[in-house]
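Worksheet for the structure shown next.
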Amino acid sequence: MGGLGRPPPERDDLFHLHAGHHPHGVFLQPGESPLAMESLARRQRLTALGQAHTMRPVKICRYLTADNQVRIGLAKGEDALLDLTPAGIESITALLESGDAAQRLSDLSKLPETPLADVTLLCPIEVQEVWAAGVTYLRSKDARMEESDFSATAYDRVYNAPRPEIFFKSLPEKVVACGEPVGIRTDANWSVPEPELVLMMNSRGEIAGYAVGNDMSSRDIEGENLLYLPQAKVYHRSCAVGPWVRVGATEEEAREWEIKIQIERSGGSVFDGSVGVNQIKRGFGELRDFLFQSQLFPFGCVLLTGTGIVPGDDFTLEEGDTVRIHISGIGCLNNPVVRV
Ligand code: DO4
Ligand code: MG
């Protein structure tokens with residue numbers, strides 16, 4: 001699982017600058033007394049929890065300490081983490097399962113702080129199956145209809161059908177972390193990243209967190225015949241998620257976020273694009289309901305929600321590229337590209 005024994009991921013600030021983060025804004029810190037929280041919240045005319053979430057996105061991660069301990073951390077500003085171990089939080093799965101993750105994270109007292117530079121961020125997926133929805137944005141439907149005469153009507157139909165396209169994407173242990181390479185297939189000659197909002201759901205199907213994901217795809221293999229979809233989508237290093245899980249945001253808030261991608265080659269940008277999450281055609285609950293229909297996920301599950309950004313037909317990824325995906329409410333996922 002992401003990151004063990006590997007060098008720390010490269011921490012990129014490009015998107016942080018673009019996204020206008022406010023690392024030093026006025027916000028409540030875990031450990032601040034309930035009275036201080038109440039008084040600040042009252043001044044903002046919000047509940048304490050609402051104020052904390054509005055002013056300071058609650059983001060957690062899995063990380064490896066310098067002495068190789070796996071820990072769960074709470075982001076503190078842009079450069080530090082609070083170790084959640086003393087608060088009894090040792091797994092993201094258990095925290096999401098508890099049903100009150102945001103409340104638990106807002107009720108914490110003093111916790112040990114670690115500079116982000118001293119840790120390796122791991123993939124936040126511990127034991128969950130990873131699934132993906134497709135053709136949920138108009139851009140994805142149109143691009144896929146263009147890439148394949150053979151299957152064009154299938155994309156058109158599924159975009160408009162009550163039942164969405166949902167496919168199995170990855171076992172948890174195969175998902176790559178931020179900083180680790182994503183793969184392009186050796187037998188493909190048209191490969192693209194798919195930047196997607198990820199829903200982190202518990203066993204009851206509650207959307208308890210959000211993450212940034214990349215559903216790597218071989219467009220020529222998918223375009224040749226839709227029955228080749230599993231080969232186009234499920235291969236070594238074809239899925240990246242992380243490093244942050246945003247906790248406590250509603251679907252309404254998530255729909256305000258923007259997804260951006262930039263692909264770098266030889267020090268320059270060869271593609272960039274963006275889309276608003278509100279361009280997604282289907283509701284999150286609708287996708288969840290189809291995924292959970294006649295299924296059990298005892299540890300919860302993870303769903304990539306589809307891409308709304310598809311590079312032009314003349315673009316293919318190359319080994320040595322770097323894919324940088326940013327979602328405004330969550331953070332950045334950066335991965336170099338290797339041939340697999
Ligand atoms: O229909 C093929 C896959 C679609 C997909 O992955 C997407 O729209 O993101
Ligand atoms: Mg996709």
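The values are calculated or read from the model by the stated rules, or taken from the named source; none is laboratory data. Given the structure is predicted, the values throughout are model-derived calculations rather than measurements. Glycine gets a Cβ as well: all are built from the backbone with ideal geometry, and neighbour counts include every protein chain shown. Protein only, heavy atoms only, side chains kept; ligands, DNA and RNA dropped before computing areas. Shrake-Rupley method; radii C 1.70, N 1.55, O 1.52, S 1.80 Å.
Observations
- Annotation note: of Ala117, Ala101, Ala133, the sole residue that is closer than 21 Å to Arg288 by Cβ and away from ligand 1 (no atom under 16 Å from the Cβ) is Ala101.
- Boolean, Asn202 is surrounded by fewer than 15 Cβ atoms within 10 Å (Cβ to Cβ), out of contact with any His (no Cβ under 8 Å at 6 or more places or on another chain), at pLDDT 95 or above and of a type outside the set (D, E, K, R): no
- Pair list, Cβ under 6 Å, 6 or more apart: the stretch 136-156 residue under 23 Å from Arg288 (Cβ atoms), other residue at pLDDT below 85 and more than 9 Å from ligand 1 (Cβ to nearest atom): Tyr155/Met145
- Any hit, the stretch 162-185, residues being surrounded by fewer than 19 Cβ atoms within 10 Å (Cβ to Cβ), at pLDDT below 95 and touching a Gly at 6+ places or on another chain (Cβ under 9 Å): no
- Any hit, the stretch 110-122, residues being among the acidic types (Asp, Glu) and in contact with a helix residue (DSSP H, G or I) (Cβ under 7 Å, 6 or more places away or on another chain): no
- Of all residue pairs spaced 6 or more apart or on separate chains, none has beta-carbon atoms under 8 Å together with a first member in the stretch 300-327 that is within 12 Å of ligand 2 (Cβ to nearest atom) and modelled with pLDDT of 95 or more and a second member that is part of a loop (DSSP other than H, G, I, E, B) and among the small types (Gly, Ala, Ser).
- Picking from residues in the stretch 214-236 that are within 13 Å of ligand 2 (Cβ to nearest atom) and among the aliphatic types (A, V, I, L, M), the one that is surrounded by the most Cβ atoms within 10 Å (Cβ to Cβ) is Met216.
- Candidate set from the stretch 279-304 (those that are away from ligand 1 (no atom under 14 Å from the Cβ) and out of contact with any strand residue (DSSP E or B) (no Cβ under 9 Å at 6 or more places or on another chain)); member that is most open to solvent (accessible area, probe 1.4 Å): Leu296
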